[in-house]
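The values are calculated or read from the model by the stated rules, or taken from the named source; none is laboratory data. The model shown is predicted, which means the values in this text are computed figures rather than measured ones. In this analysis, Cβ positions are derived from the backbone assuming ideal geometry, glycine residues included, and neighbour counts consider all displayed protein chains.
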Amino acid sequence: MSYSKRRIGIMGGTFDPIHNGHLLAAEEARAAFELSEVIFIPTGRPPHKSGKKITCAEDRCLMAELATVDCPYFKVSRIEINREGSSYTIDTLREVTADPEYTGVQFYFITGLDAILGIMTWKNAHEVTKLCKLVAVSRYGYTHERMNELPDDIRDKIIPLEIPLLAISSTELRDRIKRGRSIKFMVPSSIEQFIIKKQLYKD
Ligand code: ATP
Ligand code: MG
């Protein structure tokens, strides 16, 4: 593959907590599309998780910083955390693509298959597909054939990417912590230490 534009990945998520599945997805997309960097953007207030208890934005952001500190090409942005109200992907993409720092950049929005299957519920889904390329990485329990459930014009904009399956989710991690089970090797050790120190997800 040869590219002319500078390419940057965006990995959005609640990251409550960030785990090795997120990091592997970002790394596999970085390598596959020769991205110069991947920006992790923790959501401020996720619209699809309203009503659910989530960890404060500062702690989720700090965990994203800790988990990515070893990788010079992984960055963390506070763009959604600093914005008032619900975090919509379209607002983030509009803001990022209008930033003079990113003039001429081709953005790759990286999601798991589970997340992309809900794209029709996203605000301004069609405009999202115009502002970036969408990458759908493998997620345990989902197959890429399920992209056929999406309208043709949307599906055609999504690039499937097979990655090694890590059957890890933040929900599973929170549940494990509550039950006193180990999360070692599912998250970077810095995240494990942070969770213990801050006593997160205990109740
Ligand atoms: P939760 O269980 O709370 O929904 P999660 O593990 O799904 O947490 P999110 O913050 O919701 O994490 O996900 C952010 C993005 O990362 C989504 O696009 C999601 O599909 C993707 N993702 C999460 N876990 C994995 C994984 N193990 N492998 C690949 N992609 C993943
Ligand atoms: Mg999720």
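Between Glu162, Glu172, Glu145, the distinction of being closer than 28 Å to Ala31 by Cβ and surrounded by 13 or more Cβ atoms within 10 Å (Cβ to Cβ) belongs to Glu172 only. Number of residues in the stretch 118-133 that are among the small types (Gly, Ala, Ser) and either surrounded by 13 or more Cβ atoms within 10 Å (Cβ to Cβ) or without any contact (Cβ under 8 Å) to a residue 60 or more places away in the chain (or both) equals 1. Every condition in (1) within 18 Å of Lys133 (Cβ to Cβ); (2) surrounded by 17 or more Cβ atoms within 10 Å (Cβ to Cβ) is met by Ile79 except one, and the failing one is (1). Residue count for the stretch 44-59 satisfying the condition of being within 9 Å of ligand 1 (Cβ to nearest atom) and at pLDDT 95 or above: 0. The set of residues in the stretch 1-60 being in contact (Cβ under 8 Å) with a residue 24 or more places away in the chain and among the basic types (Lys, Arg) consists of Lys5, Arg6, Arg7, Arg30, Arg45, Lys49, Arg60. Of all residues in the stretch 162-201, those satisfying the criterion of being touching a His at 6+ places or on another chain (Cβ under 9 Å) and of a type outside the set (Asp, Glu) are Leu166, Ile168, Ser169, Ser170, Leu173, Ile183, Met186, Val187, Pro188, Ile191. With respect to the conditions (1) farther than 17 Å from His19 by Cα; (2) within 16 Å of ligand 2 (Cβ to nearest atom), Ser170 lacks only one, and its number is (1).
Residue-wise test of (1) buried (at least 24 other Cβ atoms within 10 Å of the Cβ); (2) more than 9 Å from ligand 1 (Cβ to nearest atom); (3) not in a strand (DSSP E or B).
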{"residue": "Ser4", "(1), (2), (3)": "no, yes, yes"}
{"residue": "Ile8", "(1), (2), (3)": "no, yes, no"}
{"residue": "Met11", "(1), (2), (3)": "yes, no, no"}
{"residue": "Asp16", "(1), (2), (3)": "yes, no, yes"}
{"residue": "Leu24", "(1), (2), (3)": "no, no, yes"}
{"residue": "Arg30", "(1), (2), (3)": "no, yes, yes"}
{"residue": "Glu34", "(1), (2), (3)": "no, yes, yes"}
{"residue": "Ile39", "(1), (2), (3)": "no, yes, no"}
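Only residues in the stretch 138-150 that are within 13 Å of ligand 1 (Cβ to nearest atom) count as the first member; pair them with residues that are of a type in the set (Asp, Glu), Cβ under 6 angstrom, at least 6 apart or cross-chain, and list the lot. Qualifying pairs under 6 Å: Ser138/Glu162; Arg139/Asp114; Tyr142/Asp114.
Within the option set Ser36, Ser77, Ser87, being over 25 Å from Trp122 (Cα atoms) and either in contact with a strand residue (DSSP E or B) (Cβ under 7 Å, 6 or more places away or on another chain) or among the β-branched types (Val, Ile, Thr) (or both) holds for one residue only, Ser36.
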